[in-house]
1. With a ≥ b ≥ c taken as the square roots of the eigenvalues of the C-alpha gyration tensor of region 115-242, please select rounded if a/c is under 1.5 and otherwise prolate if a/b is larger than b/c or oblate if it is not?
2. Using Cα centres only, tell me the gap between region 135-184 and region 9-37 in whole Å.
3. Accessible area per residue, 1.4 Å probe, Å², for region 21-106: what's the number?
4. In whole Hz and in residue order, list the ³J(HN,Hα) couplings for region 87-102 that follow from phi through the Karplus curve 6.51 cos²θ - 1.76 cosθ + 1.60, θ = phi - 60°; x for Gly and Pro.
5. How much net charge surrounds G164 when only other residues with a Cβ under 10 Å from its Cβ are counted (Lys, Arg +1; Asp, Glu -1)?
6. Give me a comma-separated list of calculated 3J(HN,Hα) values for region 220-234, in order, Karplus coefficients 6.51, -1.76, 1.60 applied at θ = phi - 60°, integers in Hz, x for any Gly or Pro.
7. In the neighborhood of A229, defined by Cβ-to-Cβ distances under 13 Å, what is the net charge if each Lys or Arg adds +1 and each Asp or Glu adds -1?
8. In terms of the Cα gyration tensor, with a ≥ b ≥ c the square roots of its eigenvalues, is region 1-131 rounded because a/c is under 1.5, prolate because a/b exceeds b/c, or oblate?
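The values are calculated or read from the model by the stated rules, or taken from the named source; none is laboratory data. Source: prediction; values computed, not measured. Glycine gets a Cβ as well: all are built from the backbone with ideal geometry, and neighbour counts include every protein chain shown. Accessible surface is based on the protein model in full, side chains and every heavy atom, while ligands, DNA and RNA are left aside. Shrake-Rupley method; radii C 1.70, N 1.55, O 1.52, S 1.80 Å.
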Amino acid sequence: MASQGGSIEELRRFLEEQGLPVEASQAELLYRYGRMLKEAGESLNLSAIREEKEIWRKHFLDSLLLFFALDVPKGARVVDIGTGAGLPGLVVKIYRPDLSVTLVDSKHKKLAFVQRVLGELGLQDVICKVARAEELGQKENWRASFDLALVRAVAELRVLVEYGLPLLKLGGKLVAYKGPRAEEEVEEARRALSLVGGEVEGIWRGRLPGVGEERKIVIIRKTIPTSPAWPRRAGIPSKRPL
Ligand SMILES: C[S@@+](CC[C@H](N)C(=O)[O-])C[C@H]1O[C@@H](n2cnc3c(N)ncnc32)[C@H](O)[C@@H]1O
């Protein structure tokens with residue numbers, strides 16, 4: 001299945017060179033997902049990155065930086081908040097099929113695309129939920145039910161603390177994909193962390209090969225059970241950050 005943009009084998013080699021070896025079947029799933037992202041990007045404006053190899057580097061590799069930043073336990077329950085077109089959660093699921101992955105986004109259109117990808121790739125055990133993180137965070141059956149909450153390009157860290165920590169089990173981790181301002185965002189999030197109940201466990205730093213762009217991943221551990229006060233009503237956390 002060669003194309004102008006590359007081949008499955010090339011994608012597999014690319015990931016292997018970055019220290020992320022995958023089976024041929026996983027490379028094929030990622031390859032097909034990349035093609036769908038490229039096609040949908042053109043018609044649905046899902047992402048500004050339109051070249052296939054750019055998608056591999058800036059979306060797939062970027063999503064998989066998680067595995068350099070953290071040891072993810074087998075079978076962990078993972079929620080991707082504001083997944084958009086499935087990033088990083090769907091890439092993470094293809095790379096680590098043992099994980100139980102839930103993709104959340106407030107926009108129906110985005111998750112309709114993700115559902116179509118799941119159908120075409122035959123991935124049946126991924127849960128998609130159209131909702132705002134704030135609504136789910138107040139629901140009994142969603143609160144305190146995940147080991148990891150992933151967030152990429154959704155909001156500033158102090159807002160993400162209020163979105164993510166309520167959904168985590170005690171000891172669970174919020175993993176925020178960030179850029180150069182990560183340290184400042186951590187400082188700005190101090191109040192939110194003390195109110196909602198989390199501690200910064202570390203900041204992983206690296207660069208995307210080829211493009212050299214700096215990437216940082218902030219890892220926050222939930223340290224106390226979340227008070228019923230959090231999260232506040234939908235829209236409030238971003239309008240009036242803690
Ligand atoms: C810029 S996109 C990023 C999508 C994806 N995470 C990525 O890295 O490409 C932000 C997404 O977050 C979603 N979003 C923003 N706030 C949200 C909230 N409070 N609850 C659920 N989804 C939210 C938006 O609908 C949008 O699809």
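1. Details: a/c = 1.69, a/b = 1.01, b/c = 1.67.
Judged from the Cα gyration tensor, region 115-242 comes out oblate (a/c at least 1.5, b/c at or above a/b).
2. Result: 28 Å between the Cα centres.
3. Working: 3050 Å² over 86 residues.
With all protein chains present, region 21-106 gives 35 Å² per residue.
4. Rounded to whole hertz, the list is 10, x, x, 6, 5, 4, 5, 5, 6, 10, x, 6, 7, 9, 10, 10.
5. Neighbour charge sum, excluding G164 itself: +1.
6. With the stated coefficients, region 220-234 comes to 10, 9, 6, 10, 9, x, 6, 5, x, 5, 10, x, 6, 3, 3 Hz.
7. Here the count lands on +1.
8. Values: a/c = 1.62, a/b = 1.08, b/c = 1.51.
Verdict is oblate for region 1-131.
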